[in-house]
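Nothing in this text is a laboratory measurement; each read-out follows from the coordinates by a stated rule. Keep in mind that what you see is a predicted model, and the values were worked out from it rather than measured. Reconstructed Cβ throughout: ideal geometry from the backbone, glycine too, with neighbour counts over all protein chains shown.
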Amino acid sequence: MRLPKAEHVAQLQATASRLKQEFFDLDKIERYFRLSDKESVYQVISDKTFQDLDMNEVFMFVDRTSSKVGQQFLYHTVRTIPDDRLQSERFEKLINRIERTPGLKDTILLELSTLNSPNAYSVVSLFLRDQVQKPKWFWVIKALSFTSLCVVLLSIGFPQALLLLLPLLAVNFLIHYWNKNNLYQYVGSIPQLARMNQAAKEISNYEVNDELSPGIRLSIDAIDRLGAQMSLFKLEAKLQSEIGLIVDYALELVKALFLLEPLVFFNVLEKINVKRTEIEAVYRYVGEIDVAMSIRFLREQLPFFCLPTLTADKKQLTALDAYHPLIDQSVPNSISLVDHSALLTGSNMSGKTTFIRTIGINALMAQTLNTCFAKQWRMPRLKIHSAIRISDDLLSAKSYYFDEVLTIKTLLDQSQTAEGHLFLLDELFKGTNTVERIASGKAVLSYLNQKANLVFVSTHDLELAELVKDSFQLFHFTEIVEEGTVLFDYTLKKGNLTHTNAIRILELNQYPTEVTDEATQLARHLYANKLKPDAG
């Protein structure tokens, strides 16, 4: 039973205000991002960096869209840093317009909710993929259709002519069902195109995007002119959904006799090919509005957020109470860098890698959704790269160290381009011995830290921190051993780590006394003589 409008809107708003519990079909969600042209963007975030920052999970967290079109557009938005601030300005103008226009928010929610079918994911194929090509023998279809019509008309005066319909119908049925395979590829996308266009038309009645998309009504009208021909695909989708029910055989017989489906099908595809630009314009119009609504709903649910300030100043970053959006009751941390990068020391699980990811996520959100998980965020425009999650690839016989070498080489190459870069690194060269790890790490960090580049790196090597302290600000995380328990406060502190609790933690876990005593004596000796143990 259909809900009253006010109740339906309230339900849609409640849904948009919380995390989605549905399955995220990332293969389909990524379609627009994978297929669209990216030549004009500032940076396409690599699969490696997207994985390192757990951005699929962050995407699922920020996704409050109401349509599959908007969901695809949101994914594309967080994977591509635009070349200017126009996109962020558009989002803010849309959010402000939605807030101050009576009835607009309700209309948007109602219209976008009609595009929540998985079939809506396939609309992008109508303007970003090649369509089924008309066969070279298409003239035969036209000739057979015309012949069938002539025979039917002739049979009015000469009933004997109906005998000619039997062989015609046999041939036409073969062609009719040959074309079904083509038709079935579009019974999802083309009805959704019609639905998307109708949603855009209803929303545009509020002139929601007139300043930013002044030609949108022309694009909507151009798709509207496809008109009744698109109903063929709606009808076919309806028939497919009624498997097991009585199908309208009479209608199917008429369509087969006059070959209506292939004639209409290829005519519609020709028009769609001509109208690719208009279809993409409407797709982006609907997607952009849905993303603006999603940002609005997201901000309402955050403990706090800020609009970032993207400065023209080089090599600086200020974060006030920045937090990780995926961690419940995440501990906020602040940092301010000017003409320096940041090196973090501390034990495992103390918060180093999480903080580096927090910086990366906020740097990306600042430049895409214009929303930061912080009280203040200032940075220049930066391309984002990472080397955080690296592992052995046994199937390709690639060692951890070799994979890391290749990853870091890519970062070194990127660092010398004209743009500013943000490099996020976790434990450089873990796969080699201590002396060479520290030496190579220092050389790499000095190289990456040139020009306007900013580097955030974590390390267990206190000696490395001493080697780069002139160009890197030093910070650390530490644990507290208290009453036989290890506690972490996850709070960023200035300076290099001055003491560690590694051996103390062995004692708490009831290692044999012989082991912990020998470890303590060796550690004192090594620190006193500034020796560096060889990890092999």
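The angle between the Cα long axis of helix 68-79 and the main principal axis of the chain comes to about 30°, on a 0 to 90 degree scale. When the C-alpha to C-alpha distance is required to be over 29 Å, the pairs from 105/383; 352/409; 38/275; 315/409 that qualify are 105/383. Between residue 105 and residue 155, the modelled labels are 6.1 nm apart [label points 7 Å from Cα along Cα→Cβ].
Fully extending the segment from residue 524 to residue 174, taken as 0.36 nm per residue of separation minus the present Cα-Cα distance, adds 117.2 nm.
To the nearest ten degrees, helix 5-16 and the longest principal axis of the Cα atoms of the chain are 40 degrees apart. Straight-line reach from residue 20: taking Cα to Cα under 19 Å and skipping same-chain neighbours fewer than 8 places apart, the lysines in range are 28, 68. Of all lysines in the structure, the ones whose alpha carbon falls short of 20 Å from that of residue 255, not counting any fewer than 8 places away in one chain, are 134, 142, 180, 234, 238. Legend: calculated FRET efficiency, residue 277 to residue 339, from the Cβ-Cβ distance at R0 = 56 Å, rounded to 0.05, equals 0.75.
The angle between the Cα long axis of helix 434-448 and the main principal axis of the chain comes to about 60°, on a 0 to 90 degree scale. If you find the alpha carbon centre of the range 1-77 and of the range 180-223, how far apart are they in angstrom? Value for the Cα centre distance between the two parts: 19 Å.
Comparing 102, 36, 251 along the charge dipole axis of the chain, the residue lying farthest to the positive side is 251, per the Cβ-charge model. From the list (1) 79, 52, 46; (2) 114, 56, 47; (3) 97, 66, 51, can you say which value of Cα extents along the principal axes in Å was derived from the structure given? Label (2) holds the value from this structure.
Packing-based ranking of 81-88, 162-169 yields 81-88, 162-169, ordered from highest to lowest mean Cβ neighbour count within 10 Å.
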